[in-house]
Amino acid sequence: MRSRGLKKHLQQSLQQEEELEKKLNENAGKLKETIKLCTGMMREQKPDLNGQKEPRTDFVQYLSDILRFEGLPIFGLQAVMLFFICLTISTVADIPQYIPAFIPLFVLAFMPVMFKCQYYGMGEIEAVTRASASQVILAKLVLAGAANLICMTVLVSLEVYLHKSYREIGQMILYCMVPYLVCMVSMLYLIRSQGKESMQLCVIIVFGSSVGWGVLARTVPWLYDASAFGLWIAAFLFFTVFFIKEIYFIIITMKEGKMYGTIA
């Protein structure tokens, strides 16, 4: 009885081993076949680059992609902010001195798009994309700049309409550009040098800038006289230099395929 049971157990063990070996051979064959098919598909789709690195996505093409995915948040938030600012100016503060107090709010409107990477912790993924992270920042800046330019044009046009005069149009343009450049330079610096806390710091700076310009409009009225026009030009040139330097740095890092900023 014992010998029969042992013999039956050995036969079952051998049979199971043969079945397992057969399945392993079948799986190995399927795996080789899958690898062969995938290799063939990759060779058909990928051109022969003669050992060269695959080129990065063209900026114009990438800009159109960003417009498709981020255009609505950028232009939509700007339109909403423009509506409330124009409503406030036309009913409460329809004087040019208060323009600088409202301009930082346009920067605030596209901050969710600019800081999306830091907010969701996607810095590492964005850093290794074919379109470098610098290209992402530059594309968003181009779209945001276009939206801001439209909004500021509408705002200046509204002020000209309310005052029925074009005499102060040069001053009003500077009232728009100086606060805008201050906020933009601060935002780009924070993106480049700070980590997760960059968005919170930028919100504080933008709100603080808006409040600060409003306080200056009430406490330092001579700053908005024609005699102070030179000060506004000097401030405009000063912050323009820093803004151009940041844009140039973004372009250089984009060409090198590096990341603009830190991984949060």
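Let me check something: with ligands and nucleic acids excluded, how do VAL113, VAL60, VAL142 order by accessible area (1.4 Å probe), largest to smallest?
VAL60, VAL142, VAL113
Any of LYS36/LYS255; LYS140/LYS164; LYS140/LYS255 with alpha carbons more than 28 Å apart? Name them for me. Could you put the intermediate results ahead of the total?
Details: LYS36/LYS255 36 Å; LYS140/LYS164 36 Å; LYS140/LYS255 17 Å.
Violating the 28 Å Cα-Cα cut-off are LYS36/LYS255; LYS140/LYS164.
Can you put ARG68, ARG218, ARG192 in order of accessible area, largest first, using a 1.4 Å probe?
Greatest to least solvent exposure: ARG218, ARG68, ARG192.
Taking a 1.4 Å probe, which of TYR62, TYR175, TYR189, TYR248 shows the most accessible area, and what order do the others take after it?
TYR248, TYR189, TYR62, TYR175
The values are calculated or read from the model by the stated rules, or taken from the named source; none is laboratory data. Owing to the predicted nature of the structure, the values given are computational and were not obtained by experimental measurement. Surface areas here come from the heavy atoms of the whole protein model, side chains and all, with no ligands, DNA or RNA. Shrake-Rupley method; radii C 1.70, N 1.55, O 1.52, S 1.80 Å.
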